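Student: One structure is given below, represented as structure tokens, and several questions about it will come after.
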Amino acid sequence: MKTVFERLGSVLFESGSSYRNLAKATYYLAPGQARLLLGDIRGVYFDPMRPPAASALQVPALGAAGRVIEIDMIAVPVK
């Protein structure tokens, strides 16, 4: 999950945005520990005073074996 958030941070930076400029997050979580991992990692990457609006959904399976999360994010560029 850390790799996913690191890659997301890179994409945000390259596009002129940041974690502070996320407006909405939807998390699709595999059964198991994914929800706990997400809770732990959100505190590392998101400003607690400005987290994105978020929804988390547990799904029976994701696109590839071994995946625990898929994320749909909406961010705005910094001007």
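The values are calculated or read from the model by the stated rules, or taken from the named source; none is laboratory data. Quick caveat, the model's predicted, so the values are computed rather than measured. No Cβ is skipped: glycine too gets one built from the backbone with ideal geometry, and neighbour counts run over all protein chains shown. Please note that ligands, DNA and RNA were not included when accessible areas were found on the heavy atoms of the full protein model with its side chains. Shrake-Rupley method; radii C 1.70, N 1.55, O 1.52, S 1.80 Å.
Student: Go through segment 29-50 and count every residue that is outside any helix (DSSP H, G or I) and open to solvent by 60 Å² or more (accessible area, probe 1.4 Å).
Tutor: 6
Student: Restricting attention to segment 1-28, which residues are without any contact (Cβ under 8 Å) to a residue 40 or more places away in the chain and either of a type outside the set (A, V, I, L, M, F, W, C) or open to solvent by less than 70 Å² (accessible area, probe 1.4 Å) (or both)?
Tutor: Those that are without any contact (Cβ under 8 Å) to a residue 40 or more places away in the chain and either of a type outside the set (A, V, I, L, M, F, W, C) or open to solvent by less than 70 Å² (accessible area, probe 1.4 Å) (or both): LYS2, THR3, GLU6, ARG7, GLY9, SER10, GLU14, TYR19, ARG20.
Student: From the list TYR45, TYR27, TYR19, which one is among the aromatic types (Phe, Trp, Tyr) and modelled with pLDDT of 95 or more?
Tutor: Sole residue among the options that is among the aromatic types (Phe, Trp, Tyr) and modelled with pLDDT of 95 or more: TYR27.
Student: Filter segment 53-77 down to the residues that are touching a helix residue (DSSP H, G or I) at 6+ places or on another chain (Cβ under 6 Å) and surrounded by 15 or more Cβ atoms within 10 Å (Cβ to Cβ) and list them by number.
Tutor: VAL68, ILE69, ALA75
Student: Name the residue, out of THR26, THR3, that is under 11 Å from the mean Cα position of the chain (by Cα) and not in a helix (DSSP H, G or I).
Tutor: Matching residue, one of THR26, THR3: THR26.
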